[in-house]
Amino acid sequence: MKTAGKTASALAAGRRKEEIAQVIGRMKKNWQLYAIIALPVMVLLIFSYGPMYGLQIAFKDFVPTRGFAGSKWVGMKHFQTFVTSYQFGRLIKNTLLVSLYSLAAGFPAAIILAVAINECKSKWYKKTVQMITYAPHFISTVVMAGIVIMVLSPYSGVVNNIIQAFGGERIDFMANAGYFRHIYVWSGVWQNMGFNSIIYISALASIDPTLHEAAVVDGAGRWQRIWNIDLPGIASTIIIMLIMNCGHIMSVGYEKILLLQNSVNMSTSDVISTYVYRIGLQNAQYSFSTAVGLFNGVINCILLVSINKIAKRVSETSLW
Amino acid sequence: MKREDMAFSFMVYVLLTFVLIIIAFPLIYLVSASFSSPQAVISGRVWLLPVDFTIKGYEAIFKDSSIIRGFLNSLYITVVGTGINILMTVMMAYPISRKKFYGRKAFTMFMMITMFFGGGLVPTFLLINHLHMYNTFWAVMVPGCVGITNVIICRTYFESSIPEELYESASLDGCDDFGFLIRIVLPLSKPVLAVLVLYYAVGHWNSYFNEMIYLEDKVKYPLQVVLRQILIMSQVADEMMLDFSAAEQAQGMADLLKYSTIVVSSLPMLILYPFIQKYFVKGVMIGSVKG
């Protein structure tokens, strides 16, 4: 028995050696591929993984003149400060509300638009709608924020002109914290609904037309066909998009929020990412803001992984 | 056609027309407002077409050097940045698209991780400073030059449209990987390269955040940062306002300038849009193939 075991393990070791030699041989033969990939891998290493090394300052009192190594370890101090600070509740609430509200409004809007475009029988009208609705996607964030501010302006904005024409009072939208979320979310829907619908339109186009023909023979109406053929047909696309969107829940569109933010609407517009920018780069509290950012990143990761798991269990569709 | 179907078709048209109006109206209004006298805009007389036609706003913009300089800076960043992007994306995507490439799973993983987790704003900022890239165009062109989703689009395209047999026959003719990539893969990948160029170029042209935090000198500001000053912070350059009387300035000349600025800065996109739209659609399609 003993010798048999020994020979078996020796054989296994030999096989492993052979395998390793084979792999090395393969790598040598394809060395050019490694040479090609080296540069982008270096870039990722330096600019994506490099900052991850820098995350250590979240656990230190970082002083720029002393460098990473020279700064003192302080453990979880910054995390505790953040979690117990008075802004903590407000930041979490604002981040989640603005994200979930965007998702709840924007996600179905794109699907409904896609289904409507798919049902539209006139070809040129379909084309026109697609052309116009995709266009706002290409407006830059800065110009978009500028448009929002102009259109909602209490003095000359067209929205207030309309309100006044119908006999209402002019409203200073940007100076009212209560309006901020609606402004952010619906301007986002306006800008991206069309472009986000593309993926569903293409998924709808790839549904087998014989399914529809069979349903028509069985006497199904158009509502029933949407409900029983179209929507199940694009379900996996919907789930993938949903997971991807959930990946952005904690990071929201801070670039736009930052532009729409002012001192008056801060109570609803301040989210974790804008807070990190303000205290990190404007107030130079490097360690503390890194800790806040890390906190945000970790929650984001946990969220993504768990949603992916749930999706896998429920529908056998997942990102990985 | 059944009655129910008629009603349904009617509803579809109503919905689409509603969406069309909601999206098109602000766009038309902005253009009209930029050609109307400020008084007409303020008093709410402008609805669809320009009222009291004027091009004063545009004249003022082209007198101002900051917008033109911003245009040129943006052009530089977009052209050079996109070049770097394409180079890096192809170099990352090609090896991991090859079946014989040992470690493709590991490299893919290595790349995907950066999509979901990163060092965050401050550590990245410190790194850029440490590398003496602050206040250089490199800081906005190099760090994000490997766009992960674009690498995936590129890889998926390589995998699905360049058959392994092609490589085998090429290698029989003495073609190595370098040659295969440059002489066979790239010429065959023009459609996906067009999509990537557009994605990256629009990204550079429209980006403001990194440019805002990494570029310090006013002469280096790209268009979006200049626009932020004009549109968001209402810092209308004094130069632009010189030609207007105090009364005109009070009467919303600043607003007119903003409307004109919005239109001028969106003009390149507006002109190109009908031609490039289909490439973006194509990109979304390729990207949606799960891989």
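General remarks:
- Check on B:Arg3, in contact with a Phe, Trp or Tyr (Cβ under 9 Å, 6 or more places away or on another chain) and either of a type in the set (Lys, Arg) or within 28 Å of B:Ser207 (Cα to Cα) (or both): no
- Any chance B:Leu188 is of a type in the set (A, V, I, L, M, F, W, C), modelled with pLDDT of 90 or more and under 21 Å from B:Ile96 (Cβ atoms): yes
- Of the helices (runs of 4 or more DSSP H) that lie entirely inside segment B:24-139, those containing 2 or more residues that are more than 11 Å from chain A (Cβ to nearest Cβ) and among the aromatic types (Phe, Trp, Tyr) span B:56-63, B:65-97.
- Search result, residues across segment A:205-226 that are part of a helix (DSSP H, G or I), within 12 Å of chain B (Cβ to nearest Cβ) and either of a type outside the set (S, T, N, Q) or over 17 Å from A:Ala114 (Cα atoms) (or both): A:Ala205, A:Val216, A:Arg222, A:Trp223, A:Arg225, A:Ile226
- The set of residues in segment A:239-275 that are of a type in the set (Phe, Trp, Tyr) and modelled with pLDDT of 90 or more contains only A:Tyr275.
- Some residue of segment A:291-301 being under 30 Å from B:Thr108 (Cα atoms) and more than 11 Å from chain B (Cβ to nearest Cβ): yes
- The set of residues in segment A:90-131 being in a helix (DSSP H, G or I), closer than 29 Å to B:Pro274 by Cα and free of Cβ contacts under 8 Å to residues at least 12 places away in the same chain consists of A:Pro108, A:Ile112, A:Ala116, A:Lys123, A:Trp124, A:Tyr125, A:Lys126, A:Lys127, A:Thr128, A:Met131.
- Of the numbered criteria (1) charged (D, E, K, R); (2) surrounded by 11 or more Cβ atoms within 10 Å (Cβ to Cβ); (3) more than 10 Å from chain B (Cβ to nearest Cβ), the one A:Arg16 fails is (2).
- Take the conditions (1) more than 8 Å from chain B (Cβ to nearest Cβ); (2) among the β-branched types (Val, Ile, Thr); (3) surrounded by 13 or more Cβ atoms within 10 Å (Cβ to Cβ); (4) assigned to a helix (DSSP H, G or I); A:Ile37 misses just one of them, which is (1).
- Screening the candidates B:Arg3, B:Arg104 for the property of being of a type in the set (Lys, Arg) and not assigned by TED's automatic domain parsing to the domain that holds B:Val151 yields one hit, B:Arg3.
- Some residue of segment A:55-65 being assigned to a helix (DSSP H, G or I) and surrounded by fewer than 16 Cβ atoms within 10 Å (Cβ to Cβ): no
- Residues that are of a type in the set (Gly, Ala, Ser) and surrounded by fewer than 19 Cβ atoms within 10 Å (Cβ to Cβ) within segment A:161-203 comprise A:Ala165, A:Gly167, A:Gly168, A:Ala175, A:Ala177, A:Gly178, A:Ser202, listed in sequence order.
- Tally of residues being crowded, with 21+ Cβ neighbours inside 10 Å and outside any helix (DSSP H, G or I) across segment A:141-160: 3
- Among the residues of segment B:160-174, at least one is within 12 Å of another protein chain (Cβ to nearest Cβ), aromatic (Phe, Trp, Tyr) and farther than 30 Å from A:Gly67 by Cβ.
The values are calculated or read from the model by the stated rules, or taken from the named source; none is laboratory data. Note that the structure is a prediction, hence the values are computed from the model and not measured. Ideal geometry is used to build each Cβ from the backbone, glycine not excepted, and the neighbour counts take in all protein chains shown.
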